[in-house]
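Below: one structure, written as structure tokens.
Just so it is clear, none of the values below were taken in a lab; they were calculated from the coordinates. For clarity, every value in this text was computed on a predicted model and none was experimentally measured. Please note: Cβ atoms are built from the backbone with ideal geometry, for glycine as well, and neighbour counts cover all protein chains shown.
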Amino acid sequence: MSHPMIVFDRVSKSYGSMTVLNDINLEIATGEVISLIGPSGSGKSTLLRCVNHLERIERGSITVDGELIGYRRVGNLAHELPEKLVARQRAGIGMVFQNFNLFGHKTALENVIEAPVHVRGLARRDAEAQATALLERVGLADKMQSYPRMLSGGQQQRVAIARALAMKPKVLLFDEPTSALDPELVGEVLDVMRSLAAEGLTMMVVTHEMSFAREVCNRIAFMQAGEIVECGAPSEIFDKPAFQRTRSFLSKVH
Ligand code: ADP
Ligand code: MG
């Protein structure tokens, strides 16, 4: 694989006296799909949220496609970027949440065109053409004019994915994208994610779907207590984990 797309270099973060990320080092290659697994409270969401600077890091650095996220360096100091520049960085980093976070008063189509029109300044007609294509791609050609409340959870999550894709992100971050779904709706969302992975999008996926992680992800990072305990190919992590902590976690979720 080519140059790293996302680099975590000695990243640490705490809330008050509690360390939630402790010296995280991780490089994610362009086109790589990596899954973050680990017990509740281990720091998976926090790690994702740091990538688009929804959380501040206290030590270390995160770069996306070579660009330092959230800060600029002045000598040895890091100054936080003004909100406008953070917003520009975020525009290239898509995020898909457990609870979809769609605009409830907007149709599927309007949800997808919102950011391209208002953040990127795309002409409405062009944004609509693009959104139409994206909604077709996630299997929602017949739901363009539907409001979120008229859609199933799986359909809402696919709208959310189309909305993220509309910004042509360099990376896509998924935080438990199927955890809020009824079991029979999980597959349709995973299928969309599988096709994005096959197309070469760089993705970080927090998930409890172990079979998806095994089949689709290039690597699995197991987190516990704010640390990446081990990280490797799915066959290594699932079949011969090096650490007792990983083995113990996997025995509970399998
Ligand atoms: P995970 O996604 O792996 O369940 P999180 O990243 O959500 O873990 O949380 C990691 C730790 O940080 C947990 O102990 C959680 O309670 C704590 N935490 C998360 N967000 C906050 C916050 N805004 N303020 C204080 N503590 C937080
Ligand atoms: Mg979480």
*Identify which of Pro39, Pro183, Pro234 has the largest mean-square fluctuation in a Gaussian network model of the chain, with springs joining Cα atoms closer than 10 Å.*
Pro183
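Write out the GluC sites (Glu not before Pro) in region 123-228 meeting two conditions: DSSP loop, and at most 12 other Cβ atoms within 10 Å of their Cβ.
On the way: sites: Glu128, Glu136, Glu184, Glu188, Glu199, Glu209, Glu215, Glu227; in loops: Glu199, Glu209.
Sites meeting the loop and neighbour criteria: Glu199.
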*Cβ-based exposure ranking for Met5, Met18, Met167, in which fewest neighbours within 10 Å come first*: Met18, Met167, Met5
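Quick check: from the Cα gyration tensor, does region 1-96 come out rounded (a/c under 1.5), prolate or oblate?
Values: a/c = 1.45, a/b = 1.05, b/c = 1.38.
Judged from the Cα gyration tensor, region 1-96 comes out rounded (a/c under 1.5).
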*So between Arg56 and Ala29, what do we pick up on full extension, going 0.36 nm a residue minus the alpha carbon distance?*
7.4 nm
*Whether region 104-167 is rounded, prolate or oblate, judged on the alpha carbon gyration tensor where a/c under 1.5 counts as rounded*: prolate
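Under the classification rounded if a/c is under 1.5, otherwise prolate if a/b is larger than b/c and oblate if not, where does the chain fall, given a ≥ b ≥ c as square roots of the Cα gyration tensor eigenvalues? Provide the component values of the computation, followed by the final result.
Details: a/c = 1.91, a/b = 1.23, b/c = 1.55.
Verdict is oblate for the chain.
How much of the DSSP bridge set in the chain is antiparallel, in percent, rounded to the nearest 5?
On the way: 24 of 41 bridges.
In the chain, approximately 60 percent of DSSP beta bridges are antiparallel ones.
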*Return the whole-Å distance between the Cα centroid of region 6-79 and the Cα centroid of region 154-221.*
20 Å
*Please go through region 48-121 and write out the GluC sites (Glu not before Pro) that DSSP classes as loop and that have at most 16 other C-beta atoms within 10 Å.*
Glu58
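Taking the number of other C-beta atoms within 10 Å as the exposure measure, put Phe174, Phe97 in order starting with the fewest. Walk me through the intermediate numbers first.
Details: Phe174 27, Phe97 19.
Going from least to most buried by this count: Phe97, Phe174.
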*With r defined as the distance between the Cβ atoms of Tyr15 and Glu136 and R0 fixed at 41 Å, what FRET efficiency is calculated, to the nearest 0.05?*
0.45
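So what is the 222 nm mean residue ellipticity for the chain from helices alone, if each DSSP H run of at least 4 adds -39500 (n - 2.57) and you divide by all residues, rounding to the nearest 500 deg cm²/dmol?
It comes out at -10500 deg cm²/dmol, rounded to the nearest 500.
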*If each of Met150 and Asn76 carries a label point 7 Å out from its Cα toward its Cβ, how far apart are those two points in nm?*
6.1 nm
_Proximal lysines to Lys44, defined as alpha-carbon separation beneath 19 angstrom and excluding residues fewer than eight positions away on the same chain_ = Lys13, Lys252
